[in-house]
Amino acid sequence: MAADRLRDSMLPNAFSNVLSDFADLFQKELQLAKAEFSSNLTTKLRGGVWMLAASALFLLAGAIFSEALVIWITTFGIRLHMACLIVSGMLLVLALVAFVAGRGAVIEDLTPTRSIHHIREDIRTTKEQMS
């Protein structure tokens, strides 16, 4: 009889401890997910700033190069307006290629995958302990 009462009082305590530990673990996993997301976002922003600086310099160099290219094409007897159209068409094609290449690199997912994996493992472990 006393063993039954002792077992009955230990079961709610163990259950309470498991739930308390799970809540604490879940809160820590959320903090880890926030930190991982923040780190991923910082990396993306830093990359974006470098891409912005590169594009500004590229734009300046492209303007000077296209001007020189137009002048060079006119030396072959092609009228100035036609030389401008030829150069602008070439630049349009290059811009589309650069956009497609850059978009493929920027699409990377920001989801904190490691933290989600840890949370799923924690839930699975807690379910096993409660069974």
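Here are the numbers for this structure:
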{"quantity": "Residue among VAL49, VAL70, VAL100, VAL18 that is at pLDDT below 85 and in a helix (DSSP H, G or I)", "calculated": "VAL18"}
{"quantity": "Test: residue in region 70-83 that is free of Cβ contacts under 8 Å to residues at least 12 places away in the same chain, closer than 30 Å to ASP21 by Cα and polar (S, T, N, Q)", "calculated": "no"}
{"quantity": "Which listed residue is more than 30 Å from THR126 (Cβ to Cβ) and either of a type outside the set (Gly, Ala, Ser) or loosely packed, with under 10 Cβ neighbours inside 10 Å (or both), from LEU19, LEU32, LEU52, LEU25", "calculated": "LEU52"}
{"quantity": "Meets criteria (polar (S, T, N, Q), without any contact (Cβ under 8 Å) to a residue 60 or more places away in the chain and assigned to a helix (DSSP H, G or I)) for SER88", "calculated": "yes"}
{"quantity": "Selected residue (only one of ARG79, ARG120 is of a type outside the set (S, T, N, Q), closer than 30 Å to PHE15 by Cα and either at pLDDT 90 or above or surrounded by 11 or more Cβ atoms within 10 Å (Cβ to Cβ) (or both))", "calculated": "ARG120"}
{"quantity": "Identity of the residue in region 103-117, outside any helix (DSSP H, G or I) and in contact with a helix residue (DSSP H, G or I) (Cβ under 6 Å, 6 or more places away or on another chain), that ends up surrounded by the most Cβ atoms within 10 Å (Cβ to Cβ)", "calculated": "PRO112"}
{"quantity": "Yes/no for THR113 being under 30 Å from GLN27 (Cβ atoms) and among the polar types (S, T, N, Q)", "calculated": "yes"}
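The values are calculated or read from the model by the stated rules, or taken from the named source; none is laboratory data. Being a predicted model, the structure only gives us computed values, none of them experimental. No Cβ is skipped: glycine too gets one built from the backbone with ideal geometry, and neighbour counts run over all protein chains shown.
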